[in-house]
1. Please verify whether region A:266-274 includes one or more residues that are touching a residue at least 60 places away in the same chain (Cβ under 8 Å) and of a type outside the set (S, T, N, Q).
2. Looking at the structure I just gave you, is B:Gly184 assigned by TED's automatic domain parsing to the domain that holds B:Thr28, of a type in the set (Gly, Ala, Ser) and surrounded by 15 or more Cβ atoms within 10 Å (Cβ to Cβ)?
3. Restricting the search to region B:177-197, which residues are within 11 Å of chain A (Cβ to nearest Cβ) and charged (D, E, K, R)?
4. Going by the structure shown, is A:Ala169 more than 7 Å from chain B (Cβ to nearest Cβ) and within 20 Å of B:Gly54 (Cα to Cα)?
5. Can you tell which of B:Ala79, B:Ala118, B:Ala84 is farther than 19 Å from B:Ile211 by Cα, of a type in the set (A, V, I, L, M, F, W, C) and modelled with pLDDT of 90 or more?
6. Which of the residues belonging to region B:38-60 are touching a residue at least 40 places away in the same chain (Cβ under 8 Å) and within 11 Å of the chain's Cα centre (by Cα)?
7. Looking at A:Val254, A:Val271, can you tell me which residue is at pLDDT 90 or above and either surrounded by fewer than 19 Cβ atoms within 10 Å (Cβ to Cβ) or in contact with a Lys or Arg (Cβ under 6 Å, 6 or more places away or on another chain) (or both)?
Amino acid sequence: MEFFLEVLTGGLLAGLMYSLVAIGFVLIYKASGVFNFAQGSMVLFSALTFVSLLERGVPFWVSFAVTLLTMIALAWAIERVVLRPLVNRPPITLFMATLGLSYIIEGVAQAMWGAQVHGLELGISDAPLEIGGMLLSQFDLFSAATAGILVLFLSLLFNKTRIGISLRAVADDQLAALAVGIKLQRIWMIVWAVAGFVGLVAGLLWGARLGVQFSLSLVVLKALPVLIIGGFTSIGGAIVGGLIIGASEKLAEVYLGPIIGGGIENWFPYVLALLFLLVRPAGIFGERAIERV
Amino acid sequence: MGATPLLELQRISLSFKGVKAITDISFTVEQGEICALIGPNGAGKSSLLNVINGVYQPDQGLIGFNGQRYQKMQSHQAAVQGIARTFQNIALFKGMSVLDNVLTGRNLKVKSSWIEQAFHIGRALADEIKQRQKAEEIIDFLRINQWRNSIVGTLPYGLQKRVELARALASEPRLLLLDEPMAGMNREEKSEMSAFILDTQREFGTTVVLIEHDIGVVMGLSDHVVVLDYGKKVGDGTPDEVRKSPEVIAAYLGTTH
């Protein structure tokens with residue numbers, strides 16, 4: 001029983017790491033109804049910028065601030081160059097644009113900082129900590145706390161302020177949003193900047209775990225099942241989806257692994273997501289499509 | 001009627017990739033009047049509304065609004081100046097409730113900053129109460145109370161049209177642009193919508209420019225009728241004057257083409 005709890009808790013904490021990445025997708029999906037293919041590149045770009053500054057002797061917080069400013073500048077540039085000319089185009093057009101954007105961001109990252117692998121030390125020990133008889137990773141606890149603070153900040157921003165309702169309005173109907181005086185450009189800029197910030201946080205934690213390298217942009221693949229289960233439009237859903245994925249993949253690995261062979265962790269989330277697609281395509285918290293027949 | 005007109009279009013022309021949609025159109029709309037734009041499909045009526053509220057920028061001409069002149073209007077600027085509108089194919093926020101939709105119309109009236117709103121400090125509370133009150137007033141006015149918490153996408157068409165009007169009215173506009181507010185409605189719904197438009201004009205003194213195909217409704221509702229055909233103005237006057245004009249009869253009955 002104790003062992004079960006330990007696996008479960010470890011899985012839940014690891015799942016929040018996936019949630020961190022998934023939240024970035026949710027933000028942009030909420031604002032434009034588009035799956036932002038470039039989110040992974042933004043995670044990579046921010047981590048790479050941060051670690052490269054750090055390696056050049058820039059202090060931690062200065063590096064953090066400079067990287068954050070870079071991500072805001074990136075959001076500004078994306079809004080100007082990519083989104084503004086595509087106002088009122090169908091979502092598939094925007095999706096294709098983000099696809100192209102991901103290559104550009106990765107290319108720029110490589111041109112600026114090179115392609116080698118960097119180690120990132122955030123000063124958080126990965127040594128296990130004993131809590132209530134369970135051994136838990138300090139690093140996982142730290143990232144879980146970070147995810148919690150981030151969600152709190154985002155829910156204040158999007159549920160309590162007019163930005164939230166404007167965001168949903170923009171996603172629903174751009175023309176109508178313009179007609180009631182919502183500044184489309186400003187909303188997009190805010191959302192992409194916040195998504196950049198979330199990408200930075202995710203990039204630092206994942207970078208510290210896996211090393212900062214180009215394959216970092218692939219962590220988005222694990223965010224996909226999280227989004228499918230939690231729903232593309234809900235930040236809470238991204239958290240719950242992450243917890244479900246994290247817990248179930250670890251439990252499956254430990255309890256099913258010996259029976260049907262190891263390495264389940266790698267594919268189990270996708271099977272789970274597939275099952276969810278059959279039963280509840282909008283995810284647990286996603287907005288179900290309303291259609292009058 | 002006020003001394004200066006609220007809206008004054010001067011020689012507006014608009015084309016799309018060389019195809020002329022509007023050619024050299026001028027007319028004025030007085031404060032507080034209901035002005036109808038009529039004409040066959042493709043006459044340029046919707047394009048003209050889009051020019052007025054800044055969705056399209058005209059190639060030539062000036063838009064005078066409330067004493068100011070604009071070579072081109074931006075959507076946001078139009079909203080700030082007090083121009084609100086509804087769309088031909090309802091453009092509501094379908095996933096949100098009726099109340100939330102109406103509240104988006106209050107967007108520009110919000111005074112508190114997002115920091116105040118997030119932490120419920122400063123002006124946030126008073127602001128929130130004010131916006132809700134106004135939204136509720138409009139909801140009462142258009143009698144959509146019983147659906148206030150319904151998700152808009154689930155409501156029948158006629159009601160959605162009314163919610164769209166509510167959202168436009170929530171911004172307390174000086175000029176209300178209605179693009180076929182009665183399209184697809186039966187006679188009863190049409191007379192209901194006409195009554196709401198008249199009430200709006202009387203109660204709030206709102207100036208209205210509307211596009212409508214039902215000539216019976218137009219003649220009963222409007223103070224002023226402008227007739228378009230092939231992007232040109234072919235008639236302009238009171239309903240009675242326009243009814244007798246040979247050009248208008250030609251455009252409508254198709255004797256010349």
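1. There is no residue in region A:266-274 that is touching a residue at least 60 places away in the same chain (Cβ under 8 Å) and of a type outside the set (S, T, N, Q).
2. no
3. Result: B:Asp179, single match.
4. Criteria not met by A:Ala169.
5. B:Ala79
6. Hits for region B:38-60 are B:Ser46, B:Leu49, B:Ile52, B:Asn53.
7. Only one candidate qualifies: A:Val271.
Results for (1) at pLDDT 90 or above; (2) touching a Phe, Trp or Tyr at 6+ places or on another chain (Cβ under 8 Å), shown as yes or no for each residue.
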{"position": "A:Val34", "(1), (2)": "no, yes"}
{"position": "A:Val58", "(1), (2)": "yes, no"}
{"position": "A:Leu74", "(1), (2)": "yes, yes"}
{"position": "A:Ala109", "(1), (2)": "yes, yes"}
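The values are calculated or read from the model by the stated rules, or taken from the named source; none is laboratory data. Quick caveat, the model's predicted, so the values are computed rather than measured. No Cβ is skipped: glycine too gets one built from the backbone with ideal geometry, and neighbour counts run over all protein chains shown.
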